[in-house]
Amino acid sequence: MIPDFNIYSGKRVLVTGHTGFKGAWLCEWLLGLGAEVHGLALPAPKPSLFFALELERRMKHTIQDIRDATALKCALDDLRPDFIFHLAAQALVRVSYREPVQTFATNALGTAHLLEAVRASNLPCTIVVVTSDKCYENDGAAYGSKARSFKESDPLGGHDPYSASKAAAEIVVASYRDSFFAHGTDVALASARAGNVVGGGDWAEDRLVPDCIRALSAGKPIPVRNPDFTRPWQHVLEPLSGYLLLGVRLEEARKKKSAAEIARFTQAFNFGPEPDANRTVRELVEEVLHDWPGTWEQIHQEKHLPEAPLLSLAIDKAKETLGWSPRWNFAETIHQTVSWYRDYFTRAQKSDAPSMIDFTQKQISVYCG
């Protein structure tokens with residue numbers, strides 16, 4: 001798998017949402033592959049992985065709101081990227097309840113703005129649009145003693161604004177692919193669905209691992225809302241390896257001008273863990289406590305902010321079509337995640353802004369084997 005990634009060396013790669021958690025990890029990996037990395041995103045919060053990796057000085061960094069269609073087209077006209085990884089999003093379910101219109105504007109309309117800019121600029125490139133595992137219509141068939149694993153062919157939907165906006169983004173991608181990029185020789189477009197990603201450097205509100213780390217670093221119990229909810233936990237490097245591999249397959253098919261290969265890869269793909277990693281919130285918290293001792297306590301869950309109790313993804317298509325499979329099991333995923341944070345806080349005792357470049361690069365190398 002790794003030799004294929006040499007295709008990114010020397011290429012202009014645009015990552016939207018590069019100041020976010022997954023975007024920053026992806027930029028670090030691409031820099032290590034020798035890519036000319038450009039980013040368009042809103043300003044990074046503090047603390048953030050973006051600042052911990054000093055990405056502002058190590059890549060082309062532009063503050064850009066994808067809801068501004070005119071400015072976005074100008075940016076693409078100037079950059080003319082070879083690859084685009086679209087990760088810019090409002091990424092939190094609970095925030096989507098507070099700001100539903102902004103969530104739809106960013107996740108659905110922002111995706112349309114990006115693809116329209118590519119179409120209007122006659123820009124030949126390969127595009128991977130990242131949505132979410134929550135884009136499926138979780139209609140109750142997955143609520144039982146065993147979770148049904150959602151396949152790429154299952155109906156899209158979502159009750160909360162975040163999930164619905166990601167389903168809408170998938171519909172936008174399919175529409176642009178079928179209406180404007182059907183041949184795939186100029187623009188090869190696919191979407192990637194993943195979620196419940198953990199890893200070092202995530203500081204977002206209302207996410208379980210950041211909540212764990214904030215509590216443990218302050219010597220407090222970890223607050224847990226729904227200990228019995230089950231999720232397909234995976235390290236951030238797992239889906240990122242899938243996005244990169246999908247980009248490789250798309251670009252190879254585009255260059256070959258093979259209609260069969262283009263049709264094979266210009267689709268939606270799930271990237272998730274093996275079934276063993278489908279664990280409860282309780283199990284994840286207790287696994288964190290193996291590496292960072294402490295306690296946890298259950299807190300009240302607001303009744304008007306429902307979340308699906310069970311969620312699982314089928315990853316057979318990614319395995320069979322792309323040759324992708326996850327590498328780290330549940331225990332290794334949590335161990336690598338907690339190790340990053342512990343190293344961060346160790347460095348913080350010596351510096352106000354500890355650089356995590358070397359430790360992050362080391363984790364990528366370990367993952368790649």
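The values are calculated or read from the model by the stated rules, or taken from the named source; none is laboratory data. Predicted model only: the values in this text are computed from it and were never measured. Reconstructed Cβ throughout: ideal geometry from the backbone, glycine too, with neighbour counts over all protein chains shown. Accessible surface areas use protein heavy atoms only, side chains included; no ligands, DNA or RNA. Shrake-Rupley method; radii C 1.70, N 1.55, O 1.52, S 1.80 Å.
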**Message:** Within the stretch 41-49, does at least one residue satisfy the condition of being open to solvent by less than 40 Å² (accessible area, probe 1.4 Å), within 20 Å of Val128 (Cα to Cα) and touching a Ser or Thr at 6+ places or on another chain (Cβ under 9 Å)?
**Reply:** yes
**Asked** Counting just the residues of the stretch 311-344 that are polar (S, T, N, Q) and open to solvent by less than 20 Å² (accessible area, probe 1.4 Å), which one comes out nearest to Leu49 (Cα to Cα)?
**Response** Thr337
**Inter-residue pairs, beta-carbon under 9 Å, first acidic (Asp, Glu) and in the stretch 310-326, second surrounded by fewer than 17 Cβ atoms within 10 Å (Cβ to Cβ), 6+ apart** = Asp316/Lys151
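Within the stretch 91-112, can you find the residues that are touching an Asp or Glu at 6+ places or on another chain (Cβ under 7 Å), open to solvent by 20 Å² or more (accessible area, probe 1.4 Å) and either farther than 13 Å from Pro161 by Cα or not hydrophobic (A, V, I, L, M, F, W, C) (or both)?
Result: Arg94, Tyr97.
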**Complete:** Pairing a residue in the stretch 91-113 that is basic (Lys, Arg) with any residue that is open to solvent by less than 30 Å² (accessible area, probe 1.4 Å), where Cβ atoms lie under 9 Å and the two sit 6 or more apart in sequence or on different chains, gives Arg94/Asp160; Arg94/Tyr162; Arg94/Leu305
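Test Arg80 against the stated conditions and say whether it is farther than 30 Å from Glu28 by Cβ, open to solvent by 30 Å² or more (accessible area, probe 1.4 Å) and of a type in the set (Lys, Arg). Please lay out each step first, then the result.
Values: farther than 30 Å from Glu28 by Cβ: no; open to solvent by 30 Å² or more (accessible area, probe 1.4 Å): yes; of a type in the set (Lys, Arg): yes.
It is false that Arg80 is farther than 30 Å from Glu28 by Cβ, open to solvent by 30 Å² or more (accessible area, probe 1.4 Å) and of a type in the set (Lys, Arg).
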**Fill in**
Scanning the stretch 314-361 residue by residue, those part of a helix (DSSP H, G or I) and among the acidic types (Asp, Glu) turn out to be Asp316, Glu320, Glu332, Asp343, Asp358
**Request:** Tally the residues that are out of contact with any helix residue (DSSP H, G or I) (no Cβ under 6 Å at 6 or more places or on another chain), of a type in the set (Val, Ile, Thr) and not in a strand (DSSP E or B), restricting the search to the stretch 83-113.
**Result:** 3
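Each row is one residue, and each column tells you yes or no for (1) under 30 Å from Lys362 (Cβ atoms); (2) among the hydroxyl-bearing types (Ser, Thr, Tyr); (3) in contact with a Gly (Cβ under 6 Å, 6 or more places away or on another chain); (4) modelled with pLDDT of 95 or more.
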{"residue": "Ala164", "(1), (2), (3), (4)": "no, no, yes, yes"}
{"residue": "Ala174", "(1), (2), (3), (4)": "no, no, no, yes"}
{"residue": "Ser179", "(1), (2), (3), (4)": "no, yes, no, yes"}
{"residue": "His183", "(1), (2), (3), (4)": "no, no, no, no"}
{"residue": "Pro221", "(1), (2), (3), (4)": "no, no, no, yes"}
{"residue": "Pro232", "(1), (2), (3), (4)": "yes, no, yes, no"}
{"residue": "Val236", "(1), (2), (3), (4)": "yes, no, yes, yes"}
{"residue": "Val248", "(1), (2), (3), (4)": "yes, no, no, yes"}
{"residue": "Lys257", "(1), (2), (3), (4)": "no, no, no, no"}
**Message:** As an exercise: evaluate Cys27 against (1) buried (at least 24 other Cβ atoms within 10 Å of the Cβ); (2) within 18 Å of Gly110 (Cβ to Cβ) and give the number of the one condition it does not meet.
**Reply:** (2)
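Can you tell me how many residues in the stretch 34-61 are assigned to a loop (DSSP other than H, G, I, E, B) and either basic (Lys, Arg) or touching a residue at least 60 places away in the same chain (Cβ under 8 Å) (or both)?
Initial filter on the stretch 34-61 (assigned to a loop (DSSP other than H, G, I, E, B)): 34-35, 42-48, 53-54, 59.
So of that shortlist, the ones also either basic (Lys, Arg) or touching a residue at least 60 places away in the same chain (Cβ under 8 Å) (or both) come out as 45-48, 53-54.
Within the stretch 34-61, residues that are assigned to a loop (DSSP other than H, G, I, E, B) and either basic (Lys, Arg) or touching a residue at least 60 places away in the same chain (Cβ under 8 Å) (or both) number 6.
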**Prompt:** Which condition breaks for Val285 when tested against (1) open to solvent by 10 Å² or more (accessible area, probe 1.4 Å); (2) in a helix (DSSP H, G or I); (3) hydrophobic (A, V, I, L, M, F, W, C)?
**Reply:** (1)
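Is it true that some residue in the stretch 310-329 is touching a His at 6+ places or on another chain (Cβ under 9 Å), of a type in the set (A, V, I, L, M, F, W, C) and modelled with pLDDT of 95 or more? Spell out the reasoning first.
We begin by selecting, within the stretch 310-329, every residue touching a His at 6+ places or on another chain (Cβ under 9 Å); these are 326-328.
Filter once more, keeping what is of a type in the set (A, V, I, L, M, F, W, C): 328.
From the residues that got through so far, the ones that are modelled with pLDDT of 95 or more too are 328.
Yes, some residue in the stretch 310-329 is touching a His at 6+ places or on another chain (Cβ under 9 Å), of a type in the set (A, V, I, L, M, F, W, C) and modelled with pLDDT of 95 or more.
Looking at the stretch 218-238, is at least one residue among the small types (Gly, Ala, Ser) and more than 26 Å from Phe359 (Cα to Cα)?
At the first step, the residues of the stretch 218-238 found to be among the small types (Gly, Ala, Ser) are 218-219.
Subsequent filtering for residues that are more than 26 Å from Phe359 (Cα to Cα) retains none.
Looking for residues that are among the small types (Gly, Ala, Ser) and more than 26 Å from Phe359 (Cα to Cα), one finds none in the stretch 218-238, hence no.
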**Prompt:** So which pairs qualify, if the first residue must be in the stretch 153-167 and on the phi < 0 side of the Ramachandran plot, the second must be open to solvent by less than 20 Å² (accessible area, probe 1.4 Å) and charged (D, E, K, R), the Cβ gap must be under 7 Å, and the two must be at least 6 apart or on different chains?
**Reply:** Leu156/Glu170
**Request:** State yes or no: is Val101 over 23 Å from Phe265 (Cα atoms) and at pLDDT below 95?
**Result:** no
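Would the stretch 296-310 turn up any residue that is of a type in the set (Val, Ile, Thr) and open to solvent by less than 20 Å² (accessible area, probe 1.4 Å)?
No, the conditions are met nowhere in the stretch 296-310.
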**Prompt:** Of the numbered conditions (1) within 18 Å of the chain's Cα centre (by Cα); (2) under 25 Å from Asp202 (Cβ atoms), Glu152 satisfies every one except a single condition; which is it?
**Reply:** (2)
**Request:** Kindly check whether there is at least one residue in the stretch 64-82 that is assigned to a strand (DSSP E or B) and at negative phi.
**Result:** no
